[in-house]
Amino acid sequence: MSSVLHSINVSAGGVPKLARRSAAVRVGGVEGDRQRDLRYHGGPTRAVSLYSLELIRALQSEGNPIDVGCIGENFTLEGVPWDRMVPGANLEVGEVQLELTSYAAPCSNLVPYFAGGKFVRVAQKVHPGWSRLYARVLREGKAQVGDAVRLA
């Protein structure tokens, strides 16, 4: 299976982020997306948040009422080997190039999307390999659902 951009998700602040077909991706983030608390979200090293469709499906199979965009990811990726998604890795999404910068710590805004409110299910320190990641934008461009994803 090839790796693709399954969904682009944005919001005026908070979760869930809602899907759109395409968006410009700039050093400052994804067009149409806004973060409410810039102490923890956004900025040049956290311009894009990424998560795995396969992990969302696995979390659903555990009984969590999570779906695409619910935990604040801008890009939901399909077919990407998540064990290789680590800070320092480079990723191309269509014409956009990203550098993974850090794991995204979950916050209490995610409570509704986890059985029993246990949002720490996606905390890297508690469950390594299940976290979202943040990325900086190395090459700006337009991203579209269905774009190829290449992990360098």
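Summary of computed values
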item	result
Radius 15 Å from Cβ of Val120, net charge of other residues (Lys, Arg +1; Asp, Glu -1)	+3
Cα Rg over Rh - the chain, Kirkwood	0.92
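Read-outs throughout are calculated quantities, based only on the coordinates presented, and are distinct from any laboratory measurement. Only a predicted model underlies this, so the values are computations on that prediction, with no experimental measurement involved. When we count neighbours, we look across all protein chains shown, and the Cβ atoms used for this are built from the backbone with ideal geometry, even at glycine.
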